[in-house]
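Chemist: Below is the structure I would like to discuss, written out as structure tokens.
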């Protein structure tokens, strides 16, 4: 018998009852509407903060110039955008250091170190190198902070601070140079793409950094582009750059200076709406809609072709193959079962080769509902929409999030001799590899013994710089 994965589901989180009934086109449009609204709200909130910091018409026009220089970059020109983003990250860090620690970072030292390390093919970046660079950065910051408080003569003190600030800037450049080269290798960038990356970096790092409004405008556009990329990669949601730009431009062309209270209200509303949008899209994103659509279509087809299928109020669709004998099972019974689980395309993801015993309380809601409709000797085909199966999480490698599953279930009777299979308790670092009548766990059980399967490999990722 194949190993069977069971899990106790006292509370089925992310699984709401109800038939699998939805309009994919309407949900897709709702996703777009939310993305558009969020883009406009972001533009207003982020530009309102900029308008508070740049109150004159001249400063705002320079801000918009810097903003438009970056926001107009072709979205397909990923390498150029990445180079620009790295330079902008330096400006943000430098501004933060100045405000928090009074440290004046050196753009020249940063750029020189970055380019040297980017072109140095003898060095690679890994966790150990990143930790060393971060440790050096912390040391420089501690030493600079101590120097500011020191009673050393002003001239000597200023000279020491300048040297330490240059060292900190070089440290940051060293990290980003190695990181840039690592990413180029990882993304298999050719010479032309690398040239565009460096062009993007140089165009941003060489601007007049005495003009804060210009730099801030570029920073705002870069922040939006980074968010745009993150939303698309993580949620499949496309923010609307045109709506963001229009909203930001309107705010910055207004002669009025916003108040702190106005900004706080806008920012809070935008943050709340962003969370709401993320939750909605996660539930109704492209992958989720694809799986829901497959399940919906499958259920419609089988019910149209075979009138023996019945849909319960919960959304469970079932067909009785054999009524069995005697009274229906109770939730506390230990039921001896044979089953086969398949995807809607007919491929099998697991099946029992001999009877297994468990109680209805140990399996997913759809399987539990099916068992409680059956009596000894009964046989049923049960089609379980995602909300009655493994929901938003899926199970292991075989069952995808929001997937509709089909189970053929045959009950043999109540098993008084064998204890019901106990709910599996997942151990740390265990990786799910299969799931059937139970739910999202990695331990396997049979009526006679339990076994567990540990993950054997971990993917290595380049360490990210801690700020």
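No value in this document is a laboratory result; all are computed from the given coordinates. Computed from a predicted structure; not experimentally measured. Glycine also receives a Cβ, built like all others from the backbone with ideal geometry; neighbour counts cover every protein chain displayed.
Chemist: Residues of region 174-204 with backbone nitrogen within less than 12 Å of a virtual label 7 Å along the Cα-to-Cβ line of residue 136, please, listed as ranges.
Modeler: 174-178
Chemist: Mind giving me the FRET efficiency for residue 98 and residue 280? R0 is 30 Å, r the Cβ-Cβ distance, nearest 0.05 is fine.
Modeler: On the way: r = 40 Å, r/R0 = 1.32.
Once rounded, the FRET efficiency stands at 0.15.
Chemist: Rounded, prolate or oblate: which fits region 230-306 when a ≥ b ≥ c are the square roots of the eigenvalues of the alpha-carbon gyration tensor, with rounded for a/c under 1.5 and prolate only if a/b beats b/c?
Modeler: Prolate, since a/c reaches 1.5 and a/b exceeds b/c.
Chemist: Rounded to the nearest 0.05, what FRET efficiency do residue 412 and residue 30 have when you use their Cβ-Cβ distance and R0 = 56 Å? The partial results should precede the final answer.
Modeler: Values: r = 47 Å, r/R0 = 0.83.
Efficiency computed from Cβ-Cβ geometry: 0.75.
Chemist: Under the 0.36 nm per residue contour assumption, what length would be gained going from the current alpha-carbon distance of residue 183 and residue 65 to full extension? Could you put the intermediate results ahead of the total?
Modeler: On the way: separation 118, 0.36 × 118 = 42.48 nm, distance 2.98 nm.
Full extension from residue 183 to residue 65 adds 39.5 nm.
Chemist: I need 232, 336 ordered by Cβ neighbour count within 10 Å, fewest first. All intermediate terms of the calculation are to be shown ahead of the outcome.
Modeler: On the way: 232 14, 336 22.
Starting with the residue having the fewest Cβ neighbours, the order is 232, 336.
Chemist: Roughly what would the spin-label model give for residue 305 and residue 159, points 7 Å off Cα along C-beta, in nm?
Modeler: A separation of 8.8 nm, rounded to one decimal place.
Chemist: Follow-up question, since we're still on this one. Calculate, for residue 323 and residue 191, the FRET efficiency according to 1/(1 + (r/R0)^6) with r their C-beta to C-beta distance and R0 60 Å; round to the nearest 0.05.
Modeler: 0.25
Chemist: What distance in nm separates the simple spin-label points at residue 229 and residue 75, each placed 7 Å from Cα in the Cβ direction?
Modeler: Here the modelled spin labels are 1.4 nm apart.
Chemist: Only residues of region 78-107 count here: report those whose backbone N is under 16 Å from the spot 7 Å along Cα→Cβ of residue 148, or say none.
Modeler: Once the point is set 7 Å along Cα→Cβ of residue 148, 93-106 turn out to lie under 16 Å by backbone N, inside region 78-107.
Chemist: In which sequence would 402, 176 go, from the one with the fewest C-beta neighbours within 10 Å to the one with the most? Mind dumping the intermediate values first?
Modeler: Numbers: 402 27, 176 23.
If I rank by nearby Cβ atoms, fewest first, I get 176, 402.
Chemist: For 386, 148, what ranking results if the residue with the fewest other Cβ atoms within 10 Å of its Cβ goes first?
Modeler: Least crowded to most crowded, the residues run 148, 386.
Chemist: Taking every pair of alpha-carbon atoms in region 56-256, give the share separated by more than 23 Å as a whole percent.
Modeler: Numbers: 10486 of 20100 pairs.
Every Cα pair in region 56-256 considered, those over 23 Å come to 52 percent.
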